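The values are calculated or read from the model by the stated rules, or taken from the named source; none is laboratory data. Keep in mind it's a predicted model, so treat the numbers as computed, not measured. All Cβ positions, glycine included, derive from the backbone under ideal geometry; neighbour counts span all protein chains shown.
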Amino acid sequence: MPSAHQDFPRFFEALSDPKWFTSWQGDVLRQSAPRWQSKPYRFTGVGSLLAGARWSVRWLIPAVYASTDPDTLSAEAFSKGRRYGWSAFDFKTQLIVAMHWQLQAVVNLTTSAALQGLGVKKSDILACDWDAEQSAGKEPVTQAIARAAFENFAEGLVVPSARHRGGVNIVYYPAHRRDGTAIKTLDEASIPFVHGL
């Protein structure tokens, strides 16, 4: 496990106040290998659990990521290839699924009030090289904020995209699904069933 970020206690205390939790609803897009979009595996969050991600701690927090528009989705999906060079992974079959999410208790980090409440700047979270810090055994600031939200039982986060200026991503923590939450695919009949192995 990584060493905890020095500001985690402050983040945890701030997010223990329920005033930072709000509802969110809207249409989103997800892109991944077809088997992870198949209904039995769609909301496990296992990918981020095994690998870690900007807003989820490896081996600790299962999370499901989505974008609120196609441009942001594309920028997020191909960010590593654009930065480090294209690989065989970038040419594997991907499936895009549109959904409507209605979440009950998220922390909206696209608002200046929430960022001020945490004592962080938008530029700090956008510039965070979470992958490098995770590889170095450190908890990145974004993962520390995510862990503070998760340990206060947030259902997810609304976050600015670090890959597409003005873009917004939604991070859903399925382990903390609340009563009243609704997640619906917009064209379920067109999504193929794929076995996990």
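Going by the conditions given, is Arg165 loosely packed, with under 15 Cβ neighbours inside 10 Å and in a loop (DSSP other than H, G, I, E, B)?
It is true that Arg165 is loosely packed, with under 15 Cβ neighbours inside 10 Å and in a loop (DSSP other than H, G, I, E, B).
Scan region 166-181 residue by residue and report those that are out of contact with any Phe, Trp or Tyr (no Cβ under 7 Å at 6 or more places or on another chain), under 16 Å from Thr111 (Cα atoms) and either at pLDDT below 95 or of a type in the set (A, V, I, L, M) (or both). Within region 166-181, Val168 is the sole residue that qualifies.
The rows are residues; the columns are (1) in contact (Cβ under 8 Å) with a residue 24 or more places away in the chain; (2) of a type in the set (D, E, K, R); (3) under 28 Å from Lys39 (Cα atoms); (4) in contact with a helix residue (DSSP H, G or I) (Cβ under 6 Å, 6 or more places away or on another chain).
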| site | (1), (2), (3), (4) |
| --- | --- |
| Phe89 | no, no, yes, no |
| Ile96 | yes, no, yes, no |
| His100 | yes, no, yes, no |
| Ala105 | yes, no, yes, no |
| Ser112 | no, no, no, no |
| Leu118 | yes, no, no, yes |
| Ile125 | yes, no, no, yes |
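Residues in region 16-29 that are surrounded by 15 or more Cβ atoms within 10 Å (Cβ to Cβ) and not in a strand (DSSP E or B): Trp20 alone. Checked against (1) surrounded by fewer than 16 Cβ atoms within 10 Å (Cβ to Cβ); (2) modelled with pLDDT of 95 or more, Ala51 meets all criteria but (2). Scanning region 53-85 for residues that are in a helix (DSSP H, G or I) and not polar (S, T, N, Q) gives Pro70, Asp71, Leu73, Ala75, Glu76, Ala77, Lys80, Gly81, Arg82, Arg83, Tyr84. Trp36 meets the conditions (1) in contact with a helix residue (DSSP H, G or I) (Cβ under 8 Å, 6 or more places away or on another chain); (2) at pLDDT below 90; (3) of a type in the set (A, V, I, L, M, F, W, C); (4) in a loop (DSSP other than H, G, I, E, B) in every case but one. The failed one is (4). If you go through region 1-41 and keep only what is within 23 Å of Pro70 (Cβ to Cβ) and either free of Cβ contacts under 8 Å to residues at least 12 places away in the same chain or touching a Cys at 6+ places or on another chain (Cβ under 6 Å) (or both), you end up with just Trp36. Within region 170-189, the set of residues being in a helix (DSSP H, G or I) and surrounded by fewer than 10 Cβ atoms within 10 Å (Cβ to Cβ) comprises just one member, Ala189. Within region 68-88, the residues that satisfy the criterion of being in contact with a strand residue (DSSP E or B) (Cβ under 7 Å, 6 or more places away or on another chain) and over 11 Å from Arg163 (Cα atoms) are Thr68, Pro70. Out of curiosity, is Leu50 farther than 20 Å from Leu103 by Cα and either in a strand (DSSP E or B) or free of Cβ contacts under 8 Å to residues at least 24 places away in the same chain (or both)? It is true that Leu50 is farther than 20 Å from Leu103 by Cα and either in a strand (DSSP E or B) or free of Cβ contacts under 8 Å to residues at least 24 places away in the same chain (or both).
Table: residues versus (1) in contact with a strand residue (DSSP E or B) (Cβ under 8 Å, 6 or more places away or on another chain); (2) surrounded by fewer than 13 Cβ atoms within 10 Å (Cβ to Cβ); (3) closer than 19 Å to Ala63 by Cβ.
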{"position": "Met1", "(1), (2), (3)": "no, yes, yes"}
{"position": "Pro9", "(1), (2), (3)": "no, yes, no"}
{"position": "Ala14", "(1), (2), (3)": "no, no, no"}
{"position": "Gln31", "(1), (2), (3)": "yes, no, yes"}
{"position": "Tyr41", "(1), (2), (3)": "no, no, yes"}
